[in-house]
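Visitor: The structure under discussion is supplied below as structure tokens; questions concerning it will follow.
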Amino acid sequence: MSASPLVAGVLLGAASAFALLAVVVLYRVFRGPTMPDRVIAVNVVGSNTVVILALVAAAFDEPMFLDVALVYALLNFLMSIAISKFTVERGGVI
């Protein structure tokens, strides 16, 4: 069953707000100041992407987007672990 136009509009508006937040957080990814700040910012951007995909899936009634969001969430988690391990091994932890 497809969502009503009002509900779809609200869901897409929320997805747009999360996309704007992800763009704002990109500042912290590039400017730092420390490596842990950058790792957390990258994780926030990845989590926002998962939320955006879930909202778009609900708005367009496309369950395939939820599968993509689930895979992306797993990759985001593994990437965070890998970056953290790399940072610890290089002595970048404060």
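The values are calculated or read from the model by the stated rules, or taken from the named source; none is laboratory data. It should be emphasised that the depicted structure is a prediction, and the values quoted were computed from it without experimental measurement. Neighbour counts run over all protein chains shown; Cβ positions are idealised from the backbone, glycine included.
Visitor: Has region 55-63 got at least one residue that is surrounded by 17 or more Cβ atoms within 10 Å (Cβ to Cβ), part of a helix (DSSP H, G or I) and free of Cβ contacts under 8 Å to residues at least 40 places away in the same chain?
Guide: Taking every residue of region 55-63 in turn, at least one turns out to be surrounded by 17 or more Cβ atoms within 10 Å (Cβ to Cβ), part of a helix (DSSP H, G or I) and free of Cβ contacts under 8 Å to residues at least 40 places away in the same chain.
Visitor: Out of all the residues in region 3-14, is one or more surrounded by 13 or more Cβ atoms within 10 Å (Cβ to Cβ), at pLDDT below 90, in contact with a Leu (Cβ under 9 Å, 6 or more places away or on another chain) and outside any helix (DSSP H, G or I)?
Guide: The answer is yes; a qualifying residue exists.
Visitor: Would you mind stating whether PHE18 is loosely packed, with under 15 Cβ neighbours inside 10 Å, part of a helix (DSSP H, G or I) and on the phi < 0 side of the Ramachandran plot?
Guide: Here the answer is no, as PHE18 does not meet what is asked.
Visitor: Could you list, in sequence order, the residues of region 21-39 that are buried (at least 16 other Cβ atoms within 10 Å of the Cβ) and either farther than 27 Å from ILE83 by Cα or in contact (Cβ under 8 Å) with a residue 40 or more places away in the chain (or both)?
Guide: Within region 21-39, MET35, VAL39 qualify.
Visitor: If LEU78 passes every condition in (1) more than 30 Å from VAL7 (Cα to Cα); (2) out of contact with any helix residue (DSSP H, G or I) (no Cβ under 8 Å at 6 or more places or on another chain); (3) surrounded by 12 or more Cβ atoms within 10 Å (Cβ to Cβ) but one, which one does it miss?
Guide: (3)
Visitor: Of (1) within 20 Å of SER84 (Cα to Cα); (2) without any contact (Cβ under 8 Å) to a residue 40 or more places away in the chain; (3) of a type in the set (Val, Ile, Thr), VAL42 satisfies all except one. Which?
Guide: Every condition holds for VAL42 apart from (2).
Visitor: If you don't mind, another one. Which of the numbered conditions does LEU78 fail, given that it passes all the others? Conditions: (1) within 21 Å of ILE40 (Cβ to Cβ); (2) in contact (Cβ under 8 Å) with a residue 60 or more places away in the chain; (3) not small (Gly, Ala, Ser).
Guide: So the condition that LEU78 fails would be (2).
Visitor: Being among the hydroxyl-bearing types (Ser, Thr, Tyr) and under 14 Å from LEU75 (Cα atoms) is the filter here; which residues of region 14-52 pass it?
Guide: SER47, THR49
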